[in-house]
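Report on the structure given below.
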Amino acid sequence: MRQFLYFTAIMTGCACAPLCAGDWTAFRGPDGAGVSDGNGFAAKWAPQQNIKWRKELPSPANSSPIVSNGRVFVTCATNQGRQRGLYCFDRESGKRLWVRTVGIDMITETHKTNPYCGSTPVADGTRVVVWHGSAGLHCYDFEGKVIWSKRLGRVGHMWGYGSSPILFQDKVILNFGPGEESFVAAYSLEDGEEIWKTDEPGGTNDRSGRLVGSWSTPQVVDIDGDTQVICSMPTRVVAYHPDTGEIIWYCEGLSGPKGDLVYTSAVVGEGICIAMGGYNGPAIGLKTGGSGDVTDTNRLWRTEERIPQRIGTGVLIGNHLFVANAGPGTAQCIEAATGEVIWEARLPGGNQWGALVLAGGLLYVTNQEGTTHVIEPDPNELKLISSNPLREECNSTPAFSNGQIFLRTYKALYCIEAQ
């Protein structure tokens, strides 16, 4: 088993202030790869087992919790989405420390499966940044004081929004959209001023035309010694220069029969990038690097037949990508270099919207019924270790920090710890 668990995390340089070891500071962890460097996480729990604390939340959302410098942050909306809130909790006791809300004087589009506040915050140990879609991008200190607020424009799609901001050095990087206007941009963490902005074609927000949109969260990676920002956009994977926003390279192939749609984030490692379209759209694998349009030179494979619904991002371990699907509720192991499905098996219960996380040598994924499956990452077959029900609806991804798991359902925020 040891050979299958080897993973070299890609350091992204996200920290712009000292971080506490083991903090889970962004969506899918501090480097965005869905990998925890910790151990000792619970593999079994239930409502009356291994629950350190549970705190009620005022409304459902698909955003995930983060953990930074003793605080847990999560987003919730109230008043039919007119109030978008950032909630701060003490990680040890679960005590709610503060709430900061911003108002929006309209009811914007979304879908019942994606309530308002679908974006996960990001923090650096002293500051936390949250994107509330049309209600703007906001930065607070850890006492809840507003550092800056910035309105970026209107997000308009019948399925809402869900990309999360990330930090790199002194920048906040965001995939803005979907809607008629979409772009990737960087803002100063110090004052919110725009540093660069690179437009990407947007599109319709309803079924009157071809559906277009990206809900993908960018990731900062090292490609052949160069730092690049990689993001899955509606029809292609794009690599941006983190200082200027210049497009370094791009690879086409994500456009599907039902639209130009991407829900998952790109997965990068071992010189390969894997990106997956949404709404049963195609998946592609490509060699990273190069310049300009690398579709013909770098694309290794493209699959478009019998594609499941993919919303949660997978985890790359060596040459194997493990992914859990949103419909049907299967798990798959895919050979990264070829796109070949090595195995596919049904997981118990509902579909998975949350991303997979590798923690303590095991894979964790939570389904829509609030059951978290724990899986041994074996490339030969599905090895299900446990299924842990909370019996509360959930579309989120758990956070892993110093032996504790933080999980957000539609009803509550949990801290899970082996007793």
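The values are calculated or read from the model by the stated rules, or taken from the named source; none is laboratory data. Quick caveat, the model's predicted, so the values are computed rather than measured. Backbone-built Cβ (ideal geometry, glycine too); neighbour counts: all protein chains shown.
A few comments on the model shown:
- Inclusion of residue 179 among residues that are in contact with a strand residue (DSSP E or B) (Cβ under 6 Å, 6 or more places away or on another chain) and at positive phi is not warranted.
- Residue match in the stretch 241-254 (condition: surrounded by fewer than 24 Cβ atoms within 10 Å (Cβ to Cβ), modelled with pLDDT of 95 or more and farther than 20 Å from residue 174 by Cα): yes
- Every residue from the stretch 84-129 that is of a type in the set (A, V, I, L, M) and either touching a His at 6+ places or on another chain (Cβ under 6 Å) or modelled with pLDDT of 95 or more (or both): 86, 97, 99, 102, 122, 123, 128, 129
- Residue list for the stretch 1-54, filter: at pLDDT 90 or above, of a type in the set (Val, Ile, Thr) and farther than 15 Å from residue 364 by Cβ: 25, 51
- Some residue of the stretch 42-50 being touching a residue at least 40 places away in the same chain (Cβ under 8 Å), within 26 Å of residue 149 (Cβ to Cβ) and assigned to a strand (DSSP E or B): no
- If you go through the stretch 103-120 and keep only what is surrounded by fewer than 17 Cβ atoms within 10 Å (Cβ to Cβ) and part of a strand (DSSP E or B), you end up with 103, 111.
- The residue of the stretch 28-50 that is surrounded by the fewest Cβ atoms within 10 Å (Cβ to Cβ), among those that are hydrophobic (A, V, I, L, M, F, W, C) and touching a Leu at 6+ places or on another chain (Cβ under 9 Å), is 46.
- Of all the residues in the stretch 46-86, those that are within 20 Å of residue 102 (Cβ to Cβ), touching a Ser or Thr at 6+ places or on another chain (Cβ under 7 Å) and not small (Gly, Ala, Ser) number 10.
- Residues located in the stretch 381-413, provided they are touching a residue at least 60 places away in the same chain (Cβ under 8 Å), more than 12 Å from residue 354 (Cβ to Cβ), in contact with a Gly (Cβ under 9 Å, 6 or more places away or on another chain) and hydroxyl-bearing (Ser, Thr, Tyr): 401, 410
- Count of residues meeting criterion [touching a Cys at 6+ places or on another chain (Cβ under 6 Å), surrounded by fewer than 23 Cβ atoms within 10 Å (Cβ to Cβ) and in a strand (DSSP E or B)] in the stretch 264-308: 1
- Hey, residue 299 basic (Lys, Arg) and touching a Leu at 6+ places or on another chain (Cβ under 8 Å) or not: yes
- Those residues of the stretch 232-263 which are under 15 Å from residue 307 (Cβ atoms) and in a loop (DSSP other than H, G, I, E, B), in sequence order: 253, 254, 255, 257, 258, 263
- Taking the stretch 327-359 as the range and being among the small types (Gly, Ala, Ser), in contact (Cβ under 8 Å) with a residue 60 or more places away in the chain and surrounded by 19 or more Cβ atoms within 10 Å (Cβ to Cβ) as the test, the residues that pass are 336, 354, 355, 359.
- Selected residue (criterion: surrounded by the most Cβ atoms within 10 Å (Cβ to Cβ)) from residues of the stretch 364-381 that are over 19 Å from residue 309 (Cα atoms) and of a type in the set (Asp, Glu): 378
- Subset of the stretch 201-220 (residues that are closer than 18 Å to residue 267 by Cα and either surrounded by fewer than 24 Cβ atoms within 10 Å (Cβ to Cβ) or in contact with a Cys (Cβ under 7 Å, 6 or more places away or on another chain) (or both)): 216, 218, 220
- Counting only strands (runs of 3 or more DSSP E) wholly contained in the stretch 309-419, the ones carrying 1 or more residues that are at pLDDT 95 or above and small (Gly, Ala, Ser) occupy 320-324, 330-335, 341-346, 357-359, 383-389, 399-401, 412-417.
- Test for residue 260: is it crowded, with 22+ Cβ neighbours inside 10 Å, charged (D, E, K, R) and in contact with a strand residue (DSSP E or B) (Cβ under 9 Å, 6 or more places away or on another chain): yes
- The set of residues in the stretch 61-86 that are assigned to a strand (DSSP E or B) and in contact (Cβ under 8 Å) with a residue 60 or more places away in the chain comprises 66, 67, 68, 71, 72, 74.
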